[in-house]
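Have a look at the structure below, then the notes.
Computed from the coordinates by the stated procedures, all read-outs in this text should not be read as laboratory data. This structure is a prediction, so every number in the text was calculated from the model and none was measured. Every residue, glycine among them, receives a Cβ derived from its backbone with ideal geometry; neighbour counts consider all protein chains shown.
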Amino acid sequence: MASRKYAGFKRKLEEQKERLRRDLETAQETAPSGVTSADEPSYSNHLADEATATYQQEANLALERHLERELAGVDAALQRLQNGTYGRCENCGGEIGLERLEALPTATLCINCKSRQENRK
Ligand SMILES: [Zn+2]
């Protein structure tokens with residue numbers, strides 16, 4: 001059974017998913033919700049404060065996007081574990097290799113395809 005081989009990864013991925021979900025919740029909670037609301041009572045009269053707030057909003061949004069992407073990657077990996085395609089390279093169908101998966105459980109490409117993809121950039 002191929003799934004036996006990757007048995008440890010399920011828990012690993014589920015833990016990662018849990019962690020990402022918490023991080024995402026935190027990011028969403030700290031993100032200012034009234035981005036479009038005009039009736040903010042404490043309208044800032046300090047340009048520096050506003051710049052900081054905008055910067056923080058953007059940083060938060062970038063973090064959220066990043067976490068969402070990570071989460072999607074973890075979900076996809078769990079999906080692959082379930083249907084038995086986990087550990088296979090999406091490009092060439094070869095084995096990704098345990099060592100690489102240990103380092104990056106959400107990897108979808110073997111090291112050869114990955115480096116080829118990166119060289120193409
Ligand atoms: Zn490959």
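Can you figure out the FRET efficiency of ARG21 with ALA76, using R₀ = 25 Å and their beta-carbon distance, to the nearest 0.05?
Working: r = 15 Å, r/R0 = 0.61.
With R0 = 25 Å, the Cβ-Cβ based efficiency is 0.95.
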**Report entry** Difference of contour (0.36 nm per residue) and Cα-Cα distance, GLU102 to ARG65
**Finding:** 10.9 nm
